[in-house]
Amino acid sequence: MTSVMPRSGSVALGQSPPHHSVGSMTKSDQHMVRVRNRNRLWSAAKIVMFDLAGPLAAYALLRSAGQTAVTALILSGTLPPSG
């Protein structure tokens with residue numbers, strides 16, 4: 001005879017289900033707020049690095065290497081879509 005395993009999230013016989021109040025499920029603690037803000041800040045920092053600083057640095061390097069302004073603009077403009 002095969003044994004039946006309870007599904008994930010189900011409660012075995014003789015055990016009571018965990019009790020969660022609406023307040024505990026909707027209340028956000030300070031740690032989660034800090035983590036969420038840190039993730040948001042990191043996302044904004046990546047945008048600034050790859051979409052602003054990267055192309056500006058590439059343009060400056062290409063111009064100093066002797067490329068024309070148009071060529072440097074085109075080549076530095078390919079960084080954000082590729083990143």
Which of the helices (runs of 4 or more DSSP H) found entirely inside segment 1-66 contain at least 3 residues meeting this: among the small types (Gly, Ala, Ser) and either closer than 30 Å to Leu79 by Cα or at pLDDT 85 or above (or both)?
30-47, 54-64
Kindly list, by first and then second residue, each pair from a residue in segment 45-66 that is surrounded by fewer than 13 Cβ atoms within 10 Å (Cβ to Cβ) to a residue that is of a type in the set (A, V, I, L, M, F, W, C), limited to pairs with Cβ atoms under 9 Å and residues at least 6 apart or on different chains.
Ala60/Ala72; Ala65/Ala72
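The values are calculated or read from the model by the stated rules, or taken from the named source; none is laboratory data. Since the structure is predicted, the reported quantities are computational estimates derived from the model, not experimental observations. Reconstructed Cβ throughout: ideal geometry from the backbone, glycine too, with neighbour counts over all protein chains shown.
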